[in-house]
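Enquirer: First, the structure itself, so that you have it in front of you.
Please treat every number below as a calculation from the coordinates, not as lab data. Because the structure is a prediction, the values reported are computed rather than measured. Cβ sites come from the backbone with ideal geometry, for glycine too, and all protein chains shown count toward neighbours.
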Amino acid sequence: MPGRLPTEGDFPSSVKLSITPPPASQPPTNVLILLHGLGDTNASFTKLGQQLNLPETARIALQAPKPLPFDLGGFHWGDDMIFDQNTGEMDVDTGFKASTRLVLDRVIREGLVGKCGYTAREIMIFGFAQGGMVALQAAAELTGDEIGGVISIGGWLPLSISLAALNKKSKTPVLVCRASRGSAVTDGAVSKLKDVFEYVEVKEWKKKGDGMPTNREEMLPIMQFFARRLRSTRGVPAGSVELT
């Protein structure tokens, strides 16, 4: 039986999210979970999900559980709040135990799989920066199952993740997009990803500093990844890119 369209009632009231259904009259064959970056809210990724308009795919934009201090207005995924004493900037990689449990247990296992009838393979995660780190950790810790795929824009595998606790490499395919200059995703971070995941694809965008895609060239590898991994009950839609 295919999964049904999720509703907010399928998740704990403490979880803030928005749900965008598939294009009109299409079944919700897949679910794409969208995780925003540090200091943002889920509103921008709700809009992103609407713009993506992927066939047969429901989109869920989650909001990070912890507000930034000093009434700054945004939210973050980290377990702690640590500031660099030299620069005053907030440390991005402060552990994601609570956020991983939120995504993995509350949203995926209990909500989408347990209540809505999806399999892990029908679920994908798209995360930006700190949200990408949570996406990668959740996929790595989903033992026994692979999800449909993870797309991480400027996010790497958190330092706090215990490689010893991972019994074997995850079969979940991963696409990481990073800037060619000044990316936070170092070559060492890519090597660590390849230690944890069997299938890692890295795309470098010709720009300085990690950021969301801003043109067709940067968006193309992401759409190709979706075309490979999203399931369809109607065959490949006209005009889409199918790769083997």
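Enquirer: Quick one: Karplus J couplings for region 173-185, per residue in order, coefficients 6.51, -1.76, 1.60, θ = phi - 60°, nearest Hz, x for Gly and Pro?
Expert: x, 10, 10, 10, 10, 9, 6, 6, 10, x, 7, 6, 8
Enquirer: Right, here's the next one. Return the long-range amide H neighbours of LYS207 (sequence gap of 5 or more, or a different chain), with a cut-off of under 5 Å between placed amide H atoms.
Expert: Hits under the 5 Å cutoff: SER180, ARG181.
Enquirer: To two decimal places, what compactness ratio does region 124-232 give when its Cα radius of gyration is scaled by 2.2 N^0.38 Å?
Expert: Relative to the rule-of-thumb radius for its length, region 124-232 sits at 1.01.
Enquirer: Would you look at the GNM of the chain, springs on alpha carbons closer than 10 Å, and say which of ILE161, ILE19, ILE153 moves the most?
Expert: ILE161
Enquirer: Please list, in chain and number order, the residues 5+ apart from LEU35 or on another chain whose amide H is under 5 Å from its amide H, with Hs placed from the backbone.
Expert: For LEU35, the qualifying residues are PHE126, GLY127, PHE128.
Enquirer: With charges only on Cβ, +1 for K and R and -1 for D and E, what is the dipole size of region 168-213 about its Cα centre, in debye, rounded to 20?
Expert: That gives a dipole near 60 debye.
Enquirer: Follow-up. Using the Cα centre as the reference, give the magnitude of the dipole from point charges on the C-beta atoms of the chain (Lys, Arg: +1; Asp, Glu: -1; all else neutral), rounded to the nearest 20 debye.
Expert: For this selection, approximately 660 debye.
Enquirer: Taking the chain as a Gaussian network, Cα atoms linked when under 10 Å apart, which of ARG59, ARG181, ARG228 shows the biggest mean-square fluctuation?
Expert: Highest fluctuation among the options: ARG181.
Enquirer: Test of the criteria: in region 104-170, which chymotrypsin sites (Phe, Trp or Tyr not before Pro) are in a DSSP loop and have at most 13 other Cβ atoms within 10 angstrom of their Cβ?
Expert: none
Enquirer: What's the tally of Lys pairs in region 8-229 whose alpha-carbon atoms lie under 16 angstrom apart, where the two lysines are 8 or more places apart or on different chains?
Expert: 10
Enquirer: Check which residues have an amide H placed less than 5 Å from LYS66's amide H, if you skip close sequence neighbours.
Expert: Result for LYS66 returns HIS76.
Enquirer: Which value results when the Cα radius of gyration for the chain is divided by 2.2 N^0.38 Å?
Expert: Against the empirical 2.2 N^0.38 Å value, I get 0.96 for the chain.
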